[in-house]
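The values are calculated or read from the model by the stated rules, or taken from the named source; none is laboratory data. Just so it is clear, the model here is predicted, and its values are computed rather than measured. Here Cβ is always computed from backbone atoms with ideal geometry, including for glycine, and neighbour counts include all displayed protein chains.
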């Protein structure tokens, strides 16, 4: 039985937010590159919750990547993915079946605001 071809065709840069405080106590954020990974990017469809957010200009996506110790450290509120000029904000991450083989990210892109 032949193995199905991989659908991970999009190269995404994983970045984390390195916040620092200046002398006045204000936080400044700088995004630090952690590494490129090949991923599959698919739009989410069929749920009214997500459809309501599409009106705001936000596009929900499911991004799948092979398990990697570096990206397994992802904290959704401090990490993001970047593809050229497109930024994907990570909302959640799932280690599928807890087997350390595949990671699924729920992300958004666009100008909408999620609760």
Could you please find all residues in the stretch 64-76 being surrounded by fewer than 15 Cβ atoms within 10 Å (Cβ to Cβ) and closer than 9 Å to residue 16 by Cα? 75
If you go through the stretch 10-33 one residue at a time, do you hit one that is modelled with pLDDT under 85, touching a helix residue (DSSP H, G or I) at 6+ places or on another chain (Cβ under 8 Å), surrounded by 10 or more Cβ atoms within 10 Å (Cβ to Cβ) and outside any helix (DSSP H, G or I)? no
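Residue under question is residue 81, and the condition is that it be surrounded by 17 or more Cβ atoms within 10 Å (Cβ to Cβ) and either in a strand (DSSP E or B) or at pLDDT 85 or above (or both); does it hold?
Values: surrounded by 17 or more Cβ atoms within 10 Å (Cβ to Cβ): yes; either in a strand (DSSP E or B) or at pLDDT 85 or above (or both): yes.
Taking the combined requirement at face value, the residue satisfies it.
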Test result for residue 46, assigned to a loop (DSSP other than H, G, I, E, B), closer than 22 Å to residue 94 by Cα, at pLDDT below 85 and out of contact with any strand residue (DSSP E or B) (no Cβ under 9 Å at 6 or more places or on another chain): yes
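Looking only at the stretch 91-111, count every residue that is at positive phi, outside any strand (DSSP E or B) and in contact (Cβ under 8 Å) with a residue 12 or more places away in the chain and tell me the total.
1
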